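J.: Before we start, here is the structure in question, set down as structure tokens.
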Amino acid sequence: MTSVKVAAVVALLSASAAQAVVVGVESSSSPWLGFMNVFNLPSNGGAFQFASGWGVPDLRATFNDPAQAVTMLPNTIGDTNEYWYIGQGTNPGGPGAPGNKIMEANLFQQRSDGSLSGTTVTFNGFVTANTLTSAHEARIFIRDFAPDFSSFNETIISAPASGAFSLSLVTLPGTTRNVQWGMQLKGVNVWTTDTAPFGSITYSSVPGPGALAVAGVLGLAATRRRRA
């Protein structure tokens, strides 16, 4: 009887494990996608303007595969038209020109084959650098869309200033649902040469050097205590 109970518990644990999938910050060779939502400035009412697919490099996302990291910068637009930049005349854009839109850049991966549907999806990673100013907000998300993208469930958190992050979402069953996980950067658009003062954020699948150094010191201290 005892062996039967143990077998049942093992089977239950195995089934639970099969229902959980962990994803992370993967390399540039993974199928990353980009999507942009554009809004008016809050001072102009903040109304939604348009949404479209966006090239990953155009999101100002740069991968560093040896460091297992990706850095996101504020979004830039090379169009000098007054739609995008504030200034005099019909083409005010250029170095130093204030942006005229709020851009919400989404860098993500997506599975639509049912492999992440009906499961608990957990997205783990680290923020290894974050110098963004108050002009931009970084968030991390998991989204579970209907097959036609008409509705979705999500979990979304603000990116930490540094350190580990972890979020989970229980997705709905369905072989054609669209499950996404990734990072979002939202804020005013800036001219391409003006990004530095606005900062950037770097995500990684491994802790930053500072965190590793702290872990090493703590580990050394613990070893010394054990020897004592």
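The values are calculated or read from the model by the stated rules, or taken from the named source; none is laboratory data. It should be emphasised that the depicted structure is a prediction, and the values quoted were computed from it without experimental measurement. Every residue, glycine as well, gets a Cβ built from its backbone with ideal geometry; the counts of neighbours run over all protein chains shown.
J.: Name the strands (runs of 3 or more DSSP E) wholly within the range 98-182 that hold at least 2 residues that are modelled with pLDDT of 95 or more and more than 29 Å from residue 76 (Cα to Cα)?
T.: Here the list reads 120-130, 163-170.
J.: Moving to a separate point now. In the range 130-155, what residues are among the charged types (D, E, K, R) and surrounded by 12 or more Cβ atoms within 10 Å (Cβ to Cβ)?
T.: Those that are among the charged types (D, E, K, R) and surrounded by 12 or more Cβ atoms within 10 Å (Cβ to Cβ): 137, 139, 143, 144, 154.
J.: Looking for something over 19 Å from residue 132 (Cβ atoms) and touching a residue at least 60 places away in the same chain (Cβ under 8 Å) - is there at least one such residue anywhere in the range 42-55?
T.: Checked against the condition, which is being over 19 Å from residue 132 (Cβ atoms) and touching a residue at least 60 places away in the same chain (Cβ under 8 Å), the range 42-55 yields no hits at all.
J.: Taking only the range 20-50 into account, find how many residues are among the aliphatic types (A, V, I, L, M) and in a loop (DSSP other than H, G, I, E, B).
T.: Summing the residues that are among the aliphatic types (A, V, I, L, M) and in a loop (DSSP other than H, G, I, E, B) in the range 20-50 gives 3.
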